Amino acid sequence: MLQRHVRAWTGKATRQLSAMASSQSPVTSNTPMEDAIRAKITEAFKPSRLEIFNDSSKHAHHRPMIGSTSRETHFRLVITSEAFKSKMQPARHRLIYQLLKDEMAQDGGIHALQLRTMTPEEEQRQKEREAEGE
């Protein structure tokens, strides 16, 4: 009997949440630049691993950042994708820079981008080396 009540309650709550979500205006993100990076990288490279680190707070005191109101200017990306096979690091980086050129060109946009790009095989070799070192 308890299970039946729980199922009824969860079903009702799910319907209410769905109704609330569809009736509300779109939620604005606190991290629009990070969201744009994630969307573009995911669409273009279909990564098996994508880590985005916003390091902007570490650089807010730098002279070029004085007066900038953006909190999304410095990023570190770790990307593993099959799309990087047979491409050297400079070519991989050029692909990403080309993909994010609008975000880098806009005022208050990306000021610095640190990239770590790997194929799944390279990532596996790295994990094996790290395991041997432990």
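Taking all protein chains together, His93, His74 sort by accessible area into His93, His74, largest first [probe 1.4 Å]. For Ile110, the amide hydrogen comes within under 5 Å of the amide hydrogens of Met104, counting only partners 5 or more places away or on other chains and with H modelled in the peptide plane.
The values are calculated or read from the model by the stated rules, or taken from the named source; none is laboratory data. Just so you know, these numbers come straight off a predicted model, no measurement behind them. Areas reflect the complete protein model, heavy atoms only, side chains present, ligands, DNA and RNA absent. Shrake-Rupley method; radii C 1.70, N 1.55, O 1.52, S 1.80 Å.
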